[in-house]
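Comments concern the structure below.
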Amino acid sequence: MENWAELEKRQPVAMKMLRQMIIRERVAHAYLIQGDVGTGKEAIGYFLAKSLFCKQMSAGEPCHRCNECLRIDSGNHPDVHWIRPDGASIKKEQIAHLQKEFTYTGLESNQKVYLISHADLMTTNAANRLLKFLEEPSKKTTAILMTENSQAILDTVKSRCQIISLMPLSSQSIEELLLKEGIMPENARLFSAIMPNLEQARALDQDEWFAQARKLVVQLMGILQSKQDEALLFIQRQWMEHFSDREKLNFGLDLLMYWFKDIIYLQIDQKETIIFQSYLKELEKCTWHWSKNDTTQILYSILEAKRHVTQNIHPMLVMEKLTLQMQR
Ligand SMILES: [Zn+2]
């Protein structure tokens, strides 16, 4: 992430803490940066590494321009080592190699930094090897571990690190990132609204099951408005066939919930908040069919259905009841 303003916006708490730590010269021997995809783990890794070498620090902020900063950015700094998984894991040899490098006393200064991306992918042997390293901290060596899955990291490793937890991305940030990746605006809005993180939101773009799910929602809306007597049959045949277990059905109910929320947004003239941007025409028809009051009632019914799905009630019964409530 070259855009530091963006990082600042996404992680204000972590950035403030880091700056204060740097200004007070209280940099720890080891950090574990944990956060979802896209939250800025590597950017913070770069920030920390630069802070330790930059010749023109100002107010806890590296300059990003001096020779040290530029060499770190390009991966050519002799005292900054970055370890990434070799295939599916980080192997013992990679950590051993690092340790060997570090026994040569400071190439340029005594300061050394190593960064480990996807630290949760260390094999047990690699983690144990690293642990030896962490147990004998040298004043001039800083370890920066990064992970999306901190539960998979050994407690003994974790306990030796200062933990920096990054905030999850807001759905707005996820939407912006998806747009940058070239996903169509109306989809970026929908994907970011219904998925909690960037990875899952991005995956929806290629997901046939999801495309079909969305189609079924729109079809169900049409049937409820014009062919009411076919609604139950549609639920029994098509809907339940697709949303075939409790988890899938819960997702289908989420889609319905967002759909009816959108109807409300349209009814109160907040078009810009709408999630199903590519179905404005269909949503508009819904506002003719369901009053504001109906829509609110249906939203309550959907929430109730979501509750029932997690309980021991048969999914088909839950859906049939909800369908009747939507028909009212
Ligand atoms: Zn610099």
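The numbers here are math on the coordinates, done by the rules we state, and not lab data. Please read all numbers here as calculations on a predicted model, not as lab measurements. With ideal geometry, Cβ positions are generated from the backbone for all residues, glycine too; neighbour counts draw on all protein chains shown.
Helix 292-310 sits at what angle to the longest principal axis of the chain, using alpha carbons and giving 0 to 90 degrees rounded to 10?
60
May I ask for the net charge around His118, where only other residues with Cβ less than 9 Å from the Cβ of His118 are counted and Lys, Arg are +1 while Asp, Glu are -1?
Surrounding charge for His118 is -1.
In Å, what Rg and Dmax follow from the Cα atoms of the stretch 189-238?
Answer for the stretch 189-238, Rg first and Dmax second: 13.8, 40 Å.
Got a sec? How would Asp229, Asp120, Asp86 order by Cβ neighbour count within 10 Å, fewest to most?
Sorted ascending by nearby Cβ count, the order is Asp229, Asp86, Asp120.
At each listed q (0.23 Å⁻¹), what is the log10 of I(q)/I(0) that the Debye formula gives for the stretch 165-219 modelled as equal alpha-carbon point scatterers?
Result of the Debye calculation: -0.84.
Given contacts defined as C-alpha pairs under 8 Å and at least six residues apart, what's the relative contact order of the chain, whole-number percent?
So the answer I get is 16 percent.
If you fit an axis through the alpha-carbon atoms of helix 92-103 and take the longest principal axis of the Cα set of the chain, what angle between them do you get, 0 to 90°, nearest 10?
40
Classify the stretch 110-151 as rounded, prolate or oblate, taking a ≥ b ≥ c as the square roots of the eigenvalues of its Cα gyration tensor: rounded when a/c is under 1.5, otherwise prolate if a/b is larger than b/c and oblate if not.
Oblate, because a/c is 1.5 or more while a/b does not exceed b/c.
Longer than 21 Å from Cα to Cα, which of Lys180/Lys261; Lys92/Lys132; Lys271/Lys292; Lys41/Lys180 are they? Say none if no pair is.
From Lys180/Lys261; Lys92/Lys132; Lys271/Lys292; Lys41/Lys180, over 21 Å: Lys180/Lys261.
What is the stretch 183-291 by shape, rounded, prolate or oblate, if you read a ≥ b ≥ c off the alpha carbon gyration tensor as root eigenvalues and call it rounded for a/c under 1.5, prolate for a/b larger than b/c, and oblate otherwise?
Oblate, because a/c is 1.5 or more while a/b does not exceed b/c.
What per residue convex hull volume, in Å³, comes out for the stretch 227-309 when only alpha-carbon positions are used?
105
Quick one: grab the alpha carbon gyration tensor of the stretch 1-49, order the square roots of its eigenvalues as a ≥ b ≥ c, and give me rounded if a/c is under 1.5, else prolate or oblate depending on whether a/b is larger than b/c.
prolate
Go ahead and set up a Gaussian network model of the chain, Cα springs under 10 Å, then flag whichever of Ala143, Ala305, Ala201 fluctuates most.
Greatest mean-square fluctuation among the candidates belongs to Ala305.
In angstroms, what radius of gyration and Dmax does the chain have, counting Cα atoms only?
Values for the chain (Cα only, Rg and Dmax): 25.8, 81 Å.
Tell me the relative contact order for the stretch 200-325 as a rounded percent, counting alpha carbon contacts under 8 Å between residues six or more apart.
27
Would you mind ranking Arg237, Arg214, Arg71 by Cβ crowding within 10 Å, fewest neighbours first?
Arg237, Arg71, Arg214
Could you work out how far helix 12-23 tilts from the main Cα principal axis of the chain, as a 0 to 90 degree angle to the nearest 10?
With rounding to tens, the tilt is 10 degrees.
Once you wrap a convex hull around the alpha carbon atoms of the stretch 1-157, what is its projected area averaged over all directions, in nm²?
If you wrap the Cα atoms of the stretch 1-157 in a convex hull and average its projections, you get 8.9 nm².
When the convex hull of the Cα atoms of the stretch 74-204 is projected onto a plane and the area is averaged over all directions, what value comes out in nm²?
So the mean shadow area of the Cα hull is 9.7 nm².
Identify which of Ile275, Ile83, Ile174 has the largest mean-square fluctuation in a Gaussian network model of the chain, with springs joining Cα atoms closer than 10 Å.
Judging by the Gaussian network model, the answer is Ile83.
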